[in-house]
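Encoded as structure tokens, the structure appears first; notes follow it.
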Amino acid sequence: GKIDQGIVSVNAYGVYEDVTLPLICKVFKPKSRLKPGDIYKTKTEIACEIIEELMDYGFTIKLVLSDSLYGESRRFIQTLNKHKLNWLLSIRSNHGVWLGPGQKVRANRWCAFERHFRLKKPEQRYIREIIFGTRRKITYWELTTDLKEMPEQSTSFVMTNLQGSRNTLKKEIGDLYGLRTWVEYGFRQCKQELGWTDYRLTHIEGIEKWWEVIFCVYLMISEQTEVLSRNTSSLEKNRENSKARKDTSPAVEKQEAIHDQWRYERGWKSVLNNMRLIIQPTLMLCVISSWLSVFPNQRLLGGLKQLAWQVSRYSLHYWDG
């Protein structure tokens, strides 16, 4: 659940390699804002509905990550287990587990592991298993960045139903759970870039519609990234075909090189920047079209149309998978 301008939303988003994808967003309505006929739903109930919807849509989910609000919800875990999903959930440090007579909670020794990042060098982190009585199918772990200070912001307790040897889990859990922080940060940055909180609406229905538009644009941009676009060979083939065409427009590569704001770096923001450049001529044409009907200028109109057509040939390839 995220709070934006006083409105709380429950968001589901996915990650495919290094690209975040928005899936579903639902507004949480506190009891004080319910209208006659509305049914109050907790955040975890909304999250369960989202899981059900995603499964109905046919999504294949490899792993579910969440914060402790949902990790402490029995209903949420039951929903995940119902669909036989793998999960890795944050829990509170005082998480309770039933123990048998004479059983105790013990923590194993800390083990160092490397936390891998997409754009940075690996960093050393630490992990240890917490055992409640005896080992179970569900395992519990504590992770931290600093054994001496144990900083609150970078120390986490998690539980998971992932199976495997303890050595394998120690190596995998740190990177897998680290995705939650990375994805949440990337998700927030991307939706804010598109104007997630720029609405001037007061009705929940209007806000939901605005967020739906943002999600659509977000998904469109994500689909243009290198990871989700067509494979490299297809891109090269299309570029060669573009060069071979005998028309008045320059090759796509040459057009890209001309615009001084074109970004060649990988990443979501680079794609967003380039798409904004591509639609600029069309937007300009739409803005001044009314004035051109008052003061006709065929040369200007024709030039803008030609420019818009040429730039439209940049088309960033849609994912067809």
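The values are calculated or read from the model by the stated rules, or taken from the named source; none is laboratory data. It should be emphasised that the depicted structure is a prediction, and the values quoted were computed from it without experimental measurement. Cβ placement follows ideal geometry from the backbone for every residue including glycine, while neighbour counts extend to all protein chains displayed.
Details
- Test: residue in the range 237-245 that is in a helix (DSSP H, G or I), modelled with pLDDT of 80 or more and out of contact with any Leu (no Cβ under 6 Å at 6 or more places or on another chain): no
- Condition broken by LEU201, with the remaining ones in (1) modelled with pLDDT of 70 or more; (2) more than 14 Å from the chain's Cα centre (by Cα); (3) assigned by TED's automatic domain parsing to the domain that holds GLN153 satisfied: (1)
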